[in-house]
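These notes are about the structure you will find just below.
Just so you know, all these numbers are worked out from the coordinates, no wet-lab data involved. What you are looking at is a predicted structure, and each value in this text was computed from that prediction instead of being measured. For neighbour counting, all protein chains shown are included, and Cβ atoms are generated from backbone atoms with ideal geometry for every residue, glycine included.
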Amino acid sequence: MELELLIGGEEIRGRVKELAEQISKDYRDRIGDETPLLIGILNGAFIFLADLIRELSIPVEVDFVKLKSYVGTNSTGTVEVKLDVEREIEGRDVIVVEDIIDTGITMEFFLNRLKKKKPKSIAVCTLLDKPERRIVDVKPDYVGFTIPDYFVVGYGLDFNGRYRELPAIYRVKP
């Protein structure tokens, strides 16, 4: 497989810091007895989430969900919950942290599940957004980078479990 650098590590780090500053600003005055709950979607978002929370200037809690909707480079169109959120969500500000949103099917599925648990608010923070692939109307609140319709790996994103460890984001050349 041939890879082409799309977004370098320094550029990612700078954008993650900017996203953290914006989230901290937006939630600073909302923190009361409960801190915002960041929910990382595994496996792809774990590196982004780890870097993001280290840049936040507000206290947060973290939980994870594992959803599966891809086989290889193709979305199956159905979403399976492999691991669900354990923390209490009702009445809390929730920020869903995702590595990439393309068709929007997985995110729409998860947001609908979260809404049933009656959070105070739900926001979506994604490292990468591919709006030209959108099938359902999902609009993230915080976007790291908007990219063309490329299949990408690195910085947590994978191809069949490989390439997550790469410190930058690479386009898989066709």
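Miscellaneous remarks
- Value of [θ]222 nm, deg cm²/dmol, for the chain, DSSP H segments ≥ 4, -39500 (n - 2.57) each, nearest 500: -7500 deg cm²/dmol
- Net charge over other residues, Cβ less than 11 angstrom from the Cβ of Arg54 (K, R count +1; D, E count -1): 0
- Working note: Karplus 6.51/-1.76/1.60 with θ = phi - 60° gives segment 85-94 the couplings 5, 9, 6, 5, 10, 4, x, 10, 7, 10 Hz, where Gly and Pro are set to x.
- Top positive-direction residue, dipole computed over the chain with Cβ charges, set Ile101, Gly8, Ile58: Ile101
- Within the shell of other residues whose beta carbon sits under 12 angstrom from the beta carbon of Arg13, the net charge comes to -2, with Lys and Arg scored +1 and Asp and Glu -1.
- Percent RCO, i.e. relative contact order, over segment 3-172, from Cα pairs under 8 Å lying at least 6 residues apart: 25 percent
- When the alpha carbon gyration tensor of the chain is reduced to an equivalent ellipsoid, the three semi-axes, largest first, read 26, 19, 13 Å.
- The smallest convex shape that holds all Cα atoms of segment 71-174, its convex hull, gives 118 Å³ per residue.
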